[in-house]
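Take a look at the structure below.
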Amino acid sequence: MMKNVNESNIELEQKSMFDALACAIDKHGATYVSGPITTGRRYVEWYLSEGYACAGSPNFRDRLRDAVIRQNEIDILKVAAKARARGNGVVIEPASLHKFEWGQDDYASFWCGVIERFVGRLIMLDGWQFSLGCVAEFHEARRLRIPIENQHGDVLDYSFAKHMVEEAVKELEARHFQAASLENLTCGLRSYALQWN
């Protein structure tokens with residue numbers, strides 16, 4: 001089956017980006033800061049308090065950007081700046097990369113590829129367990145036996161992280177979401193939690 005042109009272009013672009021990173025970063029020589037961008041706890045709270053009222057409207061994306069995405073990006077940038085100030089070498093964060101033609105799967109594929117090729121330490125931001133992207137990044141780092149810690153410097157072991165994701169699923173289910181976007185998040189997180197047995 002032939003891939004569509006956009007998908008092929010994105011894969012070529014990602015390969016070029018990996019090649020550029022390889023010029024500057026030793027294998028597993030970087031720290032990666034993983035934090036929610038489009039979802040996370042902030043998204044859940046915003047959606048329940050006001051986002052549901054504008055779901056499907058033309059200004060939904062703008063309101064999501066203002067209330068959730070920008071704030072999540074600021075949190076990631078602050079943690080990355082602290083890691084850099086502590087002299088942790090190269091620190092990679094996803095908040096500064098904006099590829100408007102990429103979908104969520106493209107970002108997930110790229111960042112998991114970055115983790116596989118370049119990362120020797122992962123820092124997880126608070127609320128990561130409410131983000132499919134962060135859970136995928138945690139899963140990839142764990143698969144590769146990369147040390148993982150929370151943003152406060154505490155080791156984040158597998159059993160506790162799995163418990164955090166399971167609790168996030170329970171919390172989302174307990175709120176009886178009827179919104180498709182939150183149901184999709186809940187189903188995705190549940191799927192990851194089941195894979196971790």
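Quick note: the coordinates plus some simple rules give every number you see, no bench work behind them. Predicted, not measured: the structure shown is a model, and the values here were computed from it. When we count neighbours, we look across all protein chains shown, and the Cβ atoms used for this are built from the backbone with ideal geometry, even at glycine.
Helices that extend 20 Å or more along their long axis by alpha-carbon positions and average at least -1.0 on the Kyte-Doolittle scale are, among the DSSP H runs of the chain, 5-22, 70-85, 104-118, 158-174, 180-195.
Applying D = kT/(6 pi eta Rh) to the chain, where Rh is the Kirkwood radius over alpha-carbon pairs, T corresponds to 4 °C and eta to 1.567 mPa s, the Stokes-Einstein value obtained is 74 µm²/s. Summarising the label geometry, the points placed 7 Å from Cα in the beta-carbon direction at L144 and R86 lie 1.9 nm from one another. Taking 0.36 nm per residue of sequence separation and removing the Cα-Cα distance, the T38/R63 pair yields an extension gain of 7.8 nm.
Do you know the relative contact order of the chain, to the nearest whole percent, from alpha carbon pairs under 8 angstrom that are 6+ apart?
Working: 233 pairs, mean separation 50.2, N = 197.
In percent, rounded to a whole number, it is 25.
Secondary structure note: in the chain, about 10% of the DSSP beta bridges are antiparallel. Inter-label distance, R117 to S8: 2.1 nm, where each label sits 7 Å from its Cα along the C-beta direction.
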